[in-house]
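In what follows, a single structure is set out as structure tokens and then discussed.
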């Protein structure tokens, strides 16, 4: 009886917390819900603040296809984001692996200099980067898009921090068995750190997919534009079709939402530093 009373008392005390969490969750979901409903309404209904589904989804989709190169922009965004994600994971994980598991004299000094790069705003390097890409003839190309963001201090720091949970004994045993250092990285480190790779993949893909300023600078041809540029062009007209605009925003948001829901468990494990 005493245990039941204690449980009921604890449950009653948690009721305000549950109410707060429910209200906060509804408040957080509201913009996403409004995006879905606005994509099915007319411009007038969106401007009036209608918060329920309409009957103009097909019309908005047809107008979007007629007014923009939707599929080309989607393909560009997928290709650019995938290339940047793959190379960023490879390079940043190698750097984090080396910084944490190989001991040299200047390692901490070099890592400190690397972290200082996080203090430099991206716009400060925009002109030098554009000049560099122009001289290398990499404008309107996937390399021009991805190279500046392939290696980031944040991702290197994330892999280094999570590598502290990596069992070093496995590396020593692999060396005794004659496995090379690249073999240790590809055959042991990568499978063990798969949760960290999943979390880094979600973050990198979302950043690459949602990037606007640098693609706007380096991708100046219409057949090379990405989804954020397409959305910005829809919002820059004298008369804006908000229904069509929100349909474009919906298509721009769906891939990242789907990827996050698929990898959310691994994402949570990777962020908390779990190693399996």
Exercise for the section: Give the peptides 178-185, 96-103, 116-123 in descending order of average Cβ contacts within 10 Å, highest first. Expected result: 96-103, 178-185, 116-123
Practice task
Assuming a ≥ b ≥ c are the square roots of the Cα gyration tensor eigenvalues, decide whether the stretch 171-256 counts as rounded (a/c under 1.5), prolate (otherwise, with a/b larger than b/c) or oblate.
Solution key: prolate
Practice task
Evaluate the relative contact order of the chain (contact order divided by residue number), counting alpha-carbon pairs under 8 angstrom at least 6 apart; express in whole percent.
Solution key: 30
Completion exercise
Listed residues 47, 235, 82; largest mean-square fluctuation, Gaussian network over the chain with Cα springs below 10 Å, found at 47
Completion exercise
Given a Förster distance of 25 Å, the FRET efficiency implied by the Cβ-Cβ spacing of residue 53 and residue 262, rounded to the nearest 0.05, works out to 0.50
Fill in the blank from the handout: Ranked by GNM mean-square fluctuation in the chain (Cα springs under 10 Å), the top entry among 191, 148, 16 is 16
Fill in the blank from the handout: Candidates 260, 27, 154; GNM for the chain (alpha-carbon contacts under 10 Å) flags as most fluctuating 27
Practice task
Return P(r) of the stretch 121-276 (all Cα-Cα pairs; 5 Å bins starting at 0; whole %; ordered from short to long distances).
Solution key: 1, 8, 13, 14, 15, 13, 13, 10, 6, 4, 2, 1, 0, 0
Handout entry: FRET E, pair residue 90, residue 124, Förster distance 35 Å, beta-carbon r, rounded to 0.05
Key = 0.85
Exercise for the section: Can you grab the distance from the C-alpha centre of the stretch 112-149 to the C-alpha centre of the stretch 169-195, Å, no decimals? Expected result: 33
Completion exercise
For the stretch 212-264, shape from the Cα gyration tensor axes a ≥ b ≥ c, cut at a/c of 1.5 then a/b versus b/c, turns out oblate
Practice task
Measure off 7 Å from each Cα along the Cα-to-Cβ vector at residue 190 and residue 28, then give the distance between these two points in nanometres to one decimal.
Solution key: 3.3
Exercise for the section: Give the shape of the chain as rounded, prolate or oblate, defined through the alpha-carbon gyration tensor: a ≥ b ≥ c are the square roots of its eigenvalues, a/c under 1.5 means rounded, and otherwise the shape is prolate if a/b is larger than b/c and oblate if not. Expected result: oblate
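Read the figures in this text as sums done on the coordinates, not as results from a lab. Quick caveat, the model's predicted, so the values are computed rather than measured. Ideal geometry is used to build each Cβ from the backbone, glycine not excepted, and the neighbour counts take in all protein chains shown.
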